[in-house]
Amino acid sequence: MRLRVRLRPTELTAIDVVVLGSGPAGCAAATLLARRSHRVTLVSPATPVAGALAVSIPPSARRVLEELGALEAVERAGLYPNLGNSVLWADGEARSESFGSSAAGFHTDRAGLESALLGVAEQAGVTIRRGLTARGAEESEEGWRVRCEGPDGDQTLQAPWVIDATGRHGLIARAEGREVDRSTTTLAVVRRWARDGGWPEADRHLTFIESYERGWAWSVPLGDELRCYTVMIDQRQEDLAGEDLSAILDRELDRTVHLGRSRDGAHPVGDAWACPASLYRATRYARPGLILAGDAGSFIDPLSSFGVKKALSSGWLAGIVANTALIDPAMTEAAVAFFDARETEVYRRYRSASEPFFASAAEAYGTPYWVERARAAREAGVTSDTADASPDSESGLDTLGAEVPEGDVRAAFEAIRARDTLDAVQGSTLRVFEGPGVSGFRIVMEQRLASDRWPAGLRYVRGVDLLRLIEAAPSHRTVPDGWTAYNGAGPAVTLPDYLTALSTAFAAGLLEHRESVR
């Protein structure tokens, strides 16, 4: 039973939303809400984030940064360009994926990213309470009371909505029943290395990822001469008692084929340190008055390199949900249900996407580390009835959630390129239903499209209305004809965005090529 506290009117403060945590999710939510003229207070803890933890931000995160009005600020922050990945996995050949300089992502440490995003939030009108640490939160009939400690003593913040973006700490999330995946207990051991004169030019902007028998390792560049190395080990399977963290890291990197040798000629910078990296997820991500955003709600394996993008996307949607509830209270239940379903599906899809990698490593090595992870990922990736019945892809910003897998979209695009004519027909399992979706900066009820291949449903991709697209596509023989007709009937979109939406429609089974229909 939750404690209900009736507050005296003199204790109330003029705050609409309290955001706990100043990481990507918290800054994204606070910025969006402040730009919608809500009174937002963000609690930035006295203890800064661990600056030594490096992150890779993929190019696709640019879209959510742009939507938040943060892209220019992040680019001005001088973050190191992320031009791709170099992967050596299981018994496969080494392969590299290049993003290209025109579509670069970012490499940075968490402190540098947080500083840039906090600046954007402050410019948007967010009241940032630096040096405060949230210690507890209680619900009342008027909303939430958040007790904070700071250099000037204890303070209490009161608001009808709280967004918990406190990451793994999960100030409120833990009390809401967050579940840890106890089948795999992961510890990240981290250290930086510097190389005078810099790493080889071809490797300077690439993330290295490599598996080995007892874990996997990765390395993120933070500059021409500086790299952060991390190994992901299972602390239950290792005897770590009394062993120095630097020795553990050296030992594990020496078990790799490439990453260990890549440090040749480099010297360590600072001491090694460790942090927990086990997976977890919330049993419920939102309810009226409360949203668990970013890593407060769930934590995915960093193997995907999409952790920051996931946090930004979650914070963006958390802001939209709170904005909807504040301006249209009748939509509150639908909005929080939308967020809950979306976050549930995001976690499931990331887990499902990791299963082939874990399975190939389990086959190659046969060790408990990989066998257990493959089994756990396979079970976590099973589609639930709840996820199937609810929307998961945000209108207008397909890159912000559990979108149709990029590989499927690319395959559909190549199939379109290989054809003389489109010969499109509506998918044989296409269905239209009414459900919640994002329109502008609020949740609304709208028509959504689904199929057996994509039962969760979606409506917009890169600003392209899929309902309009699939209704018109069978009438046009070529992509240029369809694009011209689409722009003639409504707001114009670019050809690349139209192509992405068209490919997504085929990949999701909303459209099919005529001869493939039986």
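The values are calculated or read from the model by the stated rules, or taken from the named source; none is laboratory data. What you see is a predicted model, and the numbers here were worked out from it, not measured in a lab. In this analysis, Cβ positions are derived from the backbone assuming ideal geometry, glycine residues included, and neighbour counts consider all displayed protein chains. Side chains included, ligands, DNA and RNA excluded: accessible areas come from the protein's heavy atoms. Shrake-Rupley method; radii C 1.70, N 1.55, O 1.52, S 1.80 Å.
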Phi-derived 3J(HN,Hα) across segment 358-363 with the Karplus relation (6.51, -1.76, 1.60, θ = phi - 60°), rounded Hz, x for Gly and Pro, is 5, 5, 5, 5, 5, 5
How large is the accessible surface of S115 in square angstrom, using a 1.4 angstrom probe and rounding to the nearest 10? 80 Å²
Nothing charged except the Cβ atoms of Lys and Arg (+1) and of Asp and Glu (-1): what's the magnitude of the dipole of the chain about its Cα centre? Round to the nearest 20 debye. 840 debye
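Percent of accessible area on the chain owned by carbon and sulfur, 1.4 Å probe?
49 percent
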For the chain, what relative contact order do you get, as a whole percent, if you take Cα pairs closer than 8 Å and at least 6 residues apart? 15 percent
Taking the solvent-accessible surface of protein heavy atoms with a 1.4 Å probe, what is the per residue accessible area of the chain in Å²? 42 Å²
Segment 404-436 to segment 143-209: how many Å between their Cα centroids? 38 Å
Selection from W273, L245, G297 lying farthest towards where the dipole of segment 227-302 points positive, charges on Cβ: G297
Largest first and rounded to whole Å, the semi-axes √(5λ) derived from the alpha carbon gyration tensor of segment 137-273 read 40, 20, 14
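Just by accessible area at a 1.4 angstrom probe, what is the order of H476, H107 from largest to smallest?
Working: H476 45, H107 0 Å².
Listed by decreasing accessible area, they come as H476, H107.
Run lengths n ≥ 4 of DSSP H only: what is the helix-derived mean residue ellipticity at 222 nm for the chain, with -39500 (n - 2.57) per run over all residues, to the nearest 500?
-10000 deg cm²/dmol
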Lys/Arg Cβ at +1, Asp/Glu Cβ at -1, dipole of segment 80-193 taken about the Cα centre: which of T156, A90, V146 is farthest positive-ward? A90
With a 1.4 Å probe and every protein chain left in place, tell me how much accessible area C275 has, in Å² to the nearest 10. 30 Å²
